[in-house]
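Values quoted throughout were computed directly from the atomic coordinates according to the rules given, and no laboratory measurement underlies them. Keep in mind that this is a model prediction, so the values were computed, not measured. As a convention, Cβ positions derive from the backbone with ideal geometry for all residues, glycine included, and neighbour counts pool all protein chains shown.
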Amino acid sequence: MDKNIATPMQAMVLMSSPLVNKRVSAEGTTRVANLLKSGKSENEIIEELFLSSLIRRPTAEEMEVAKRLIAEDKKEGTETVQWALLNSAEFLLNH
């Protein structure tokens, strides 16, 4: 089996994990909560989420998608971006 492929079981465990859901919440002292309180711009928030989760900056396309999500609802959009990053194949394979 190729070790560079996330298994469906890994993805399912993370997607429903209480730990992941707690970490993406905009409540308390999570990264998302702190970023929303920080006064940083949407671009800065998105970049920090990518750097802290995937250790890289977002591509132009990823930035646009994230900006659209955050523009619709800043709190929920930021939570969604963080959740998507933590549940991405890139995160599963590298972290």
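Would you please classify the overall shape of the range 23-95 from the alpha carbon gyration tensor, given that a ≥ b ≥ c denote the square roots of the eigenvalues, rounded means a/c under 1.5, and beyond that prolate means a/b larger than b/c while oblate covers the rest? Oblate, because a/c is 1.5 or more while a/b does not exceed b/c.
For residue 40, no residue whose modelled amide H falls within less than 5 Å of its own remains once neighbours fewer than 5 places apart on the same chain are excluded. The calculated FRET efficiency for the pair residue 33 and residue 60, based on their C-beta separation and a Förster distance of 22 Å, comes to about 0.20.
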